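A.B. asks: Please find one structure pasted underneath; my questions will follow.
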Amino acid sequence: MSKPIRMCIICRERYLQENLKRLQSEKGKLIAFSKVGRSFYICDACITKNEKKLVKILNNKCKTNHKNMMEFGIIFKEIGTDG
């Protein structure tokens, strides 16, 4: 039986769903997927490298104008270690 494959919104590479972080935007903040509403996936490599591109794409998804990762909320501290 095949496993679900999803695409990272940053690098647009395809990975197994279990290897990606699933997030969603709520009022301009990033949160872990709450199982309600739309979500998107980001791979671990994109979280740790190329912050400029990451911020640009997340601003588009969240409809915000943040300048750095920490403005998106505490979620990136959590997903960097927990997954």
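The values are calculated or read from the model by the stated rules, or taken from the named source; none is laboratory data. Everything numeric here is computed off the predicted structure, so don't read it as measured data. Because the Cβ atoms are built from the backbone with ideal geometry, glycine has one as well, and the counts that use them run over all protein chains shown.
A.B. asks: Here is a list: 61, 56, 52. Which entry is in a helix (DSSP H, G or I), in contact with a strand residue (DSSP E or B) (Cβ under 6 Å, 6 or more places away or on another chain) and not acidic (Asp, Glu)? Quick ask: steps written out before the conclusion?
C.D. replies: Details: 56 fails: in contact with a strand residue (DSSP E or B) (Cβ under 6 Å, 6 or more places away or on another chain); 52 fails: in contact with a strand residue (DSSP E or B) (Cβ under 6 Å, 6 or more places away or on another chain).
The match here is 61.
A.B. asks: Go over the candidates 42, 10 one by one and state the one that is buried (at least 17 other Cβ atoms within 10 Å of the Cβ), β-branched (Val, Ile, Thr), part of a loop (DSSP other than H, G, I, E, B) and at pLDDT 90 or above.
C.D. replies: Only one candidate qualifies: 10.
A.B. asks: Can you tell me how many residues within the stretch 1-57 are free of Cβ contacts under 8 Å to residues at least 24 places away in the same chain, closer than 20 Å to residue 68 by Cα and of a type outside the set (D, E, K, R)?
C.D. replies: Total meeting the criteria: 2.
A.B. asks: Hey, another quick one. Provide a single number: the residues in the stretch 19-39 that are modelled with pLDDT under 90, part of a strand (DSSP E or B) and basic (Lys, Arg).
C.D. replies: 1
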